[in-house]
Amino acid sequence: MNRVVHFEIHAKNLDRTQKFYQEVFGWTITDMGPQMGNYRVVETGQNTADSQWNGINGGITPRHGEAPKGGEPVNAFVCTIEVENIDETLEKIAKAGGTVALEKMEVPGVGLLAYRKDPEGNIFGVLQPFKQN
């Protein structure tokens, strides 16, 4: 538990970014279309017995604004950490000096998601997945 479960790459030019990661790393990238905000799902590959670490999958998301020159929109890979109870985790983050980047929201079919900044201003996500039946 409390491991990184998802990453996001913010990009102004989604096609160029998709092409780069496909060509460099061979990732499978699927455009979810305008109905999902042009989000692109990134599959980094399958875990194998001969691999030392298990990998994670992620996404490419549209950058909102220009690349930061001093800390405006995100210019990083945002890691999302799976948690058992998002409300308890958000309280812990606030107590430890974290701030709100984006309020808690429901992602249909996925779970509850919120984005926070650490005391250095780095953005990360916390996700409480919906229980599988």
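Can you name every residue in the range 3-33 that is touching a strand residue (DSSP E or B) at 6+ places or on another chain (Cβ under 7 Å) and part of a loop (DSSP other than H, G, I, E, B)? If the condition is that a residue be touching a strand residue (DSSP E or B) at 6+ places or on another chain (Cβ under 7 Å) and part of a loop (DSSP other than H, G, I, E, B), then R3, W27, M32 are the ones that fit. Report whether or not N75 is surrounded by 11 or more Cβ atoms within 10 Å (Cβ to Cβ), modelled with pLDDT of 90 or more and in contact with a Pro (Cβ under 6 Å, 6 or more places away or on another chain). The answer is no for N75.
In the range 9-28, the residues that are aliphatic (A, V, I, L, M) reach residues that are assigned to a loop (DSSP other than H, G, I, E, B) and surrounded by 13 or more Cβ atoms within 10 Å (Cβ to Cβ) with C-beta atoms within less than 7 angstrom, at least six apart or across chains, in these pairs: A11/R63; L14/N38.
Does the range 34-50 contain any residue that is acidic (D, E), without any contact (Cβ under 8 Å) to a residue 12 or more places away in the chain and either assigned to a loop (DSSP other than H, G, I, E, B) or surrounded by 13 or more Cβ atoms within 10 Å (Cβ to Cβ) (or both)?
Taking every residue of the range 34-50 in turn, at least one turns out to be acidic (D, E), without any contact (Cβ under 8 Å) to a residue 12 or more places away in the chain and either assigned to a loop (DSSP other than H, G, I, E, B) or surrounded by 13 or more Cβ atoms within 10 Å (Cβ to Cβ) (or both).
Could you check how many residues of the range 111-133 are polar (S, T, N, Q) and within 14 Å of the chain's Cα centre (by Cα)?
Within the range 111-133, the first condition is being polar (S, T, N, Q), and the residues that meet it are 122, 128, 132-133.
Adding the requirement that they be within 14 Å of the chain's Cα centre (by Cα) leaves 122, 128.
Total meeting the criteria: 2.
Okay, residues lined up against (1) exposed (fewer than 13 other Cβ atoms within 10 Å of the Cβ); (2) over 19 Å from L14 (Cβ atoms); (3) at pLDDT below 90:
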site: R63; (1), (2), (3): no, no, yes
site: K69; (1), (2), (3): yes, yes, yes
site: V83; (1), (2), (3): no, yes, yes
site: I86; (1), (2), (3): no, yes, no
site: A94; (1), (2), (3): yes, yes, no
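Of all residues in the range 79-110, those satisfying the criterion of being of a type in the set (K, R) and more than 17 Å from the chain's Cα centre (by Cα) are K92, K95.
Of the residues that sit in the range 89-108 and are outside any strand (DSSP E or B) and not charged (D, E, K, R), which one is nearest to M36 (Cα to Cα)? Break it down into steps so the answer makes sense when it comes.
Applying the first criterion (outside any strand (DSSP E or B)) to the range 89-108 yields 89-98, 108.
Narrowing further to those that are not charged (D, E, K, R): 89-90, 93-94, 96-98, 108.
Details: T89: 27, L90: 26, I93: 28, A94: 30, A96: 33, G97: 32, G98: 28, P108: 11 Å.
My answer is P108.
The values are calculated or read from the model by the stated rules, or taken from the named source; none is laboratory data. What you see is a predicted model, and the numbers here were worked out from it, not measured in a lab. Every residue, glycine as well, gets a Cβ built from its backbone with ideal geometry; the counts of neighbours run over all protein chains shown.
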